[in-house]
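Notes for the one structure printed next.
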Amino acid sequence: MKILVTGSSGHLGEALVRTLRASGHEVIGLDVKASAFTTIVGSVADRSSVSECMSGVEVVYHAATLHKPHVATHSMQDFVDTNVSGTLVLLEQALANGVGAFVFTSTTSIFGDALRPPAGTPAAWVTEDVTPIPRNIYGATKTAAENLCHLFHRKHGQNCIILRTSRFFPEEDDDKSKREDYTGNNTKANEFLFRRVELEDVVSAHIAAANRAPDLGFGRYIISATTPFLAEDLQGLNTNAPPIVHKRIPDYLEIYTQLGWSMFDKIDRVYINDAARADLDWHPKYDFAYVLEHLRNGSFPKSQISQSVGSKGYHDRSFEDGPYPV
């Protein structure tokens, strides 16, 4: 099968190219940066570059994007050009070339202020039914791109699956206070309870989405590790999280104590992946229990594809305030 992967020099893009090529597919990589995984160097907003890539393609994985950390280094117009105009060009060319499945990598960041319940109120239970309230140009443009995918499905019958991925970057946390209060692996382990997913599982979700696209036609799905929490836990999570975590996973405390780690005081949202597991026949492997099993044996779990791709970062230069300019 001939497949197009946009953002092929990036973290997810490289992982997709590696995995798909290993499965015997012909993969065309499109990215503004050259790499061993990029076939054509060009922008998704450049119609000639996209047209060059699209002939004979059966599946498009659209992972190219400007991310949240780029908000401080790129203009709003840059975000519109890449995240919105680029998605429009790809959809138009996919439609013109009879592409059977278009998988768009979106983000849970689109939910924005819907993820920030006031202190003392229950944590947010985040399913596909939650209405996005973008907080910045990143969330606004990803939401607009999602709506373009839906429009092309409704107007033209294009098979489009949107995957709202939670955190899977290997870099340090973009929250300075988290970087100061917790080690990187401590933060990531905590997040597998409610807002993180492993790269291997993100890749498998994309492949599952492409396989199911002809039958589903359209869908929006949250891609995150399976949480152990129940809806009845939400009030306690946003007030005093550690007792709730201990209630659901009693073993965590002994392991964390041995490591000198700590749980977040509060957890303000929980991502629910039920729809993706059911509709896409997706089977994520990495969750908090899986992480604890490896920690107990002296290692932090990291898939082979994560190790192969490594850390990409978001910027071509460093900043005074660590890895992020904000």
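Each reported figure results from applying straightforward, stated rules to the coordinates on display, with no laboratory input. These figures come from a predicted structure and were not determined experimentally. Cβ placement follows ideal geometry from the backbone for every residue including glycine, while neighbour counts extend to all protein chains displayed.
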Linear extension gain, N240 paired with A278, 0.36 nm per residue minus alpha-carbon span: 10.5 nm
Cys residues of the chain counted as unpaired, since no other Cys beta-carbon is under 4.7 Å: C53
Residues of type aspartates and glutamates that K155 reaches as a straight line, Cα spacing below 15 Å, ignoring anything fewer than 8 places off in the same chain: E92, E146
Ranked Y252, Y290, Y61, criterion: other C-beta atoms within 10 Å, fewest first: Y290, Y252, Y61
Approximate spin-label separation R154-D175, in nm, with each point projected 7 Å along Cα-to-Cβ: 3.5
Length released on extending from N297 to A72, taking residue separation times 0.36 nm less the Cα-Cα span: 77.0 nm
Antiparallel bridges, percent of DSSP beta bridges restricted to the chain (to nearest 5): 5
Extension gain, Y290 back to D129 (0.36 nm per residue minus Cα-Cα distance, nm): 55.2 nm
Nearest-ten-degree value, helix 11-22 long axis tilted from longest Cα axis of the chain: 70
Qualifying trypsin sites (Lys or Arg not before Pro) for the range 1-95 [loop in DSSP, other Cβ within 10 Å: at most 15]: K33
Eligible lysines near K142 by straight Cα distance, threshold 17 Å, same-chain separation 8 or greater: K68
Structure-based [θ]222 nm, the chain - -39500 (n - 2.57) summed over DSSP H runs of at least 4, per residue, nearest 500: -11000 deg cm²/dmol
Segments 146-158, 63-75 sorted - mean Cβ within 10 Å per residue, highest first: 63-75, 146-158
